[in-house]
Structure formats: C-alpha cells, structure tokens
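Quick notes on the structure that follows.
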Amino acid sequence: MPSGGESMLESDNGTLGWLNFFHKGIGYFAYTMHRISGIVILLYLYLHFFVLSNLLRGGVAFNDLITSFTYGPYDIFIVMDILLSLVIFYHGANGVRLMLNEAGYGLKHHKLMFFILESGAMILMLLFLYYAWQVLLSGGGV
Amino acid sequence: MDSENYVFLVKRGDEKGNSRFDRFNVPKKKISTVLEGLVYISENLDGTLSFRHSCRMEICGSCSMQINGKPRMACSTIAESLGSNTIRVSPLPHYQVIKDLVVDIDPFFEKYRKVKPYIIRKDDKSPGVELLQTPEQFKIYEQYSMCIKCGLCLAACPISGSDDDYLGPAALAAALRFNLDSRDEGTPIRLEITGGESGTSRCHYAGECTEVCPKDVDPSRAIQLLRRTGISHELKNAFRRGKHAGKR
C-alpha cells in the first residue's frame, strides 16, 4: 500500500502552463519571455497613448505631466524606462530569430541564434542606456 | 535520506479530476527504468495503480508520462539518470486523464488522421505496380517517418496546452513526412489542412516538442519547413487567382 497520499499543485495546462519552466529547454524560455515581453510592450503602448493624449490639453499641461513622472517621488519611472528598454530589445531580437526560423532559415542552430541575437541586443541596449544617461545628465531629458 | 530506495511520487486520479500524489518506496536494486519501478509498485505495493506499457523498448509509444516535470517514455528513462532519489510521475499534460497515469489518447490520433497521413495518388486507385523509391528519395523524409506516436510532443507543446484545436507537432510532422515522399501526390490537399487556423500558423516555435521527442524526429523543424511550403503554396495560388482575374 502507498505510504500516504498528499496533494500537490502541478499544472502544465492552459496559458498559465507557459510559466512552468521546470525541466524545459531554452526554446521554451524564449517562447514564454516573448509572450510576457509582448504583453508588457502592449500595455506600455496604451500608457504611451494615454500620456500623448495629454498634448490635447496644451504644451504646458503636457510638460507638467511629464515632469511629474520623472521628478520627485515618481522618478521610479526612470527604472521602469530601463526595464522597458530591456523588454523591447529582448522582444525585437527574439522576433528577428523567429522570423528567420519560421521562414525556414537557421533551424538547426536556433538555440545558437537565440544566444547570439540576444547578446547583440543586450550590447545595443547597454549602448542605448549609456547615451540616454548622457543626455539625461546634460539636462537634455528635461 | 534513504539511499536504498527510490521514492516514487505517483499522481493518482480519475476522470472527475480528483487527484493526489501517493508515495511508494521502491528498492533501487530491483529496478533500472522508471517503468520497472511502476511495475514493481503494481506487483508488490499497490495493484490498483493504472498505467500503460507494452514493448518496454521505446517502440510502441505506450508508456508516455510526465517524469520529474518532463514528458518522457517510462521504459527508456533510467531512474538513476534523473539524479534524484525522488521520482515524480504524473499523467501526460494536455490529455484527459482516464485513471492514474492512463490518459485518453484519442484526440491525439484524431488530429493525426486529419492531415491524411498516407500516400495519396491523383488517380485515387491502386497503381497496379509497386511504386519504386530510391534510397536518396527515402532519406529525404526518413527522419520524420521515425515517429512512434507516443504523444510526448503534444504534452510538451505550450500551444497545445492552451488551444485544443491546434493540430500539434506529431500531426504536422506527419504531414511533412508524406509531402516529402516521392510517391505521394497529396501535398496540395494537406497544405490546405495544415495551412488553416489550427495548423502551422499556431506554432510559435518553443521547440519543446523536439526537446522531448525520443526518436529525434524534430517536429518543430518539420513545422517550420511545412509553414514555408504552405506560404509558397498560398503565394502561388494568389498569383494564379490574380492572373485569372486579369484575363476576365
């Protein structure tokens, strides 16, 4: 006889199953991160449109809103901008790999392609952040 | 930790969705593979445990199950290779559980049948003579003909987990296998099926089907190649339609 039953949560079904990385390959990781980053970019897009819509209230009101985002207690938005750039660069690089793979190119080396393209994307992102930081320090971001 | 025994945590359940994990101690010296462990449990500890198995040599595809979080064949999974004294065994995900480790494999084969996995000839009659094929022509699709229909790929595929209509890796790889066969003339028919909403466009290339395939069929590669053929087929059709419209 069994030495005792116990309840354990284990689910690979449904959309939540995407998040189960246990014993999965790098392709699965790339797949899930692509979905998550896509959702983040979509949400950002709506936020972006919301902020831009404030231009209808005039230049002064818009600048006041942007300043409130980036100064004082809300300067956490800088950190969110950095995270957003990470998401966009990741999604873009993996998207290029998927386009090539889904057209039938590089299928035997798709994992290597993932590492190369993502490494390139991260280097580009660091360069972007460096120059963005320089612009902010020089006051160009205000 | 008891180094003399493996601890098998086996998910028990029924059609109604009731489930629990039962714990069994299986002597290490008595078993080599996970399947042998389950047979040991069935014969010595709990005769009510249900699971499928037949050939014990990774040919029949019957003993597919989730072992330590990954879909595998129980017969070819060496317990020691898992690197743990605890072995978690549960039924294949993305399938309806009938009892314990036995799942309903019918939907898998229904999807498989949809892609017409057989030689289609234009005359639709017996050719009367043997259809010859050179070794080179056979080599083109050999890899995709190695599928044993174990269903692991469907269990590993995240799309299959969230979209019941998706044909799945095995069916799509089978479609490519017959499309590549020099004796077959049914490619346009199959491309209409695999190019539909439930076909290749649903694949987002997670590649997990290839990771778990015990026969190195590489279904994810097959799907991308099938997708490329399908796009080419659609473009040609659109071009033909455009030409006909221009003549009117």
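The values are calculated or read from the model by the stated rules, or taken from the named source; none is laboratory data. All values reported here derive from a predicted model rather than from experimental measurement. Note that each Cβ is placed from the backbone with ideal geometry, even for glycine, and that neighbours are counted across all protein chains shown.
With small (Gly, Ala, Ser), assigned by TED's automatic domain parsing to the domain that holds B:HIS233, touching a Lys or Arg at 6+ places or on another chain (Cβ under 9 Å) and on the phi > 0 side of the Ramachandran plot as the only criterion, which of B:GLY199, B:GLY186, B:GLY207, B:GLY195 stands out? Write out each step before concluding.
On the way: B:GLY199 fails: on the phi > 0 side of the Ramachandran plot; B:GLY186 fails: on the phi > 0 side of the Ramachandran plot; B:GLY195 fails: on the phi > 0 side of the Ramachandran plot.
Going through B:GLY199, B:GLY186, B:GLY207, B:GLY195 in turn, the sole match is B:GLY207.
If you scan region A:107-118, which residues turn out to be surrounded by 14 or more Cβ atoms within 10 Å (Cβ to Cβ), out of contact with any Gly (no Cβ under 9 Å at 6 or more places or on another chain) and closer than 14 Å to B:ARG221 by Cβ?
Of everything in region A:107-118, just one residue is surrounded by 14 or more Cβ atoms within 10 Å (Cβ to Cβ), out of contact with any Gly (no Cβ under 9 Å at 6 or more places or on another chain) and closer than 14 Å to B:ARG221 by Cβ, namely A:LEU107.
Go through (1) touching a residue at least 12 places away in the same chain (Cβ under 8 Å); (2) surrounded by fewer than 17 Cβ atoms within 10 Å (Cβ to Cβ); (3) assigned to a helix (DSSP H, G or I); (4) within 13 Å of chain A (Cβ to nearest Cβ) and name the single condition B:ASP216 misses.
Only one criterion is unmet by B:ASP216, namely (3).
Outside any loop (DSSP other than H, G, I, E, B) and acidic (Asp, Glu): which single residue out of B:GLU58, B:GLU80 fits that description?
On the way: B:GLU58 fails: outside any loop (DSSP other than H, G, I, E, B).
From the options B:GLU58, B:GLU80, the qualifying one is B:GLU80.
Condition first: within 14 Å of another protein chain (Cβ to nearest Cβ), under 24 Å from B:ASP216 (Cα atoms) and touching a helix residue (DSSP H, G or I) at 6+ places or on another chain (Cβ under 9 Å). Can you find one or more residues in region B:48-64 that meet it? First the steps, then the outcome.
Let us first name the residues in region B:48-64 that are within 14 Å of another protein chain (Cβ to nearest Cβ), namely B:48-50, B:64.
From what's left, under 24 Å from B:ASP216 (Cα atoms): B:64.
Narrowing the set further to residues that are touching a helix residue (DSSP H, G or I) at 6+ places or on another chain (Cβ under 9 Å) leaves B:64.
Looking through region B:48-64, at least one residue is within 14 Å of another protein chain (Cβ to nearest Cβ), under 24 Å from B:ASP216 (Cα atoms) and touching a helix residue (DSSP H, G or I) at 6+ places or on another chain (Cβ under 9 Å).
Quick one: in region B:5-41, which of the residues that are crowded, with 17+ Cβ neighbours inside 10 Å and polar (S, T, N, Q) is farthest from the other protein chains (Cβ to nearest Cβ)? Give the derivation first.
The first filter runs over region B:5-41 and keeps only residues crowded, with 17+ Cβ neighbours inside 10 Å, leaving B:6, B:8-13, B:19, B:21-22, B:24, B:26, B:31, B:33-41.
Next, only the ones that are polar (S, T, N, Q) stay: B:19, B:33.
Working: B:SER19: 8, B:THR33: 18 Å.
If we take residues in region B:5-41 being crowded, with 17+ Cβ neighbours inside 10 Å and polar (S, T, N, Q), then B:THR33 is farthest from the other protein chains (Cβ to nearest Cβ).
So that you can scan it fast, the table gives a plain yes or no per residue for (1) out of contact with any Ser or Thr (no Cβ under 6 Å at 6 or more places or on another chain); (2) surrounded by 13 or more Cβ atoms within 10 Å (Cβ to Cβ); (3) closer than 27 Å to B:SER62 by Cα:
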position	(1), (2), (3)
B:LYS122	yes, no, no
B:ILE140	yes, yes, no
B:MET146	yes, yes, yes
B:ALA155	yes, yes, yes
B:GLY168	no, yes, yes
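With the requirement that a residue be under 20 Å from the mean Cα position of the chain (by Cα) and not polar (S, T, N, Q), what does region B:76-98 give you?
Of the residues in region B:76-98, the ones under 20 Å from the mean Cα position of the chain (by Cα) are B:76-77, B:89-98.
Result: B:VAL89, B:PRO91, B:LEU92, B:PRO93, B:HIS94, B:TYR95, B:VAL97, B:ILE98.
Among the residues of region B:121-144, what is the count of those that are of a type outside the set (Phe, Trp, Tyr), in contact with a Lys or Arg (Cβ under 8 Å, 6 or more places away or on another chain) and under 15 Å from B:ARG177 (Cβ atoms)?
Of the residues in that region, 1 qualify.
Which members of region B:141-178 meet the condition of being part of a helix (DSSP H, G or I) and more than 14 Å from chain A (Cβ to nearest Cβ)? Break it down into steps so the answer makes sense when it comes.
Kept after step one, since they are part of a helix (DSSP H, G or I), are these residues of region B:141-178: B:141-146, B:152-156, B:158-162, B:169-178.
Scanning region B:141-178 gives B:TYR141, B:GLU142, B:SER145, B:MET146, B:ALA170, B:ALA171, B:ALA174, B:ALA175, B:ARG177, B:PHE178.
Please go through region B:90-115 and pick out each residue that is surrounded by fewer than 17 Cβ atoms within 10 Å (Cβ to Cβ), assigned to a loop (DSSP other than H, G, I, E, B) and touching a residue at least 60 places away in the same chain (Cβ under 8 Å).
B:GLN96
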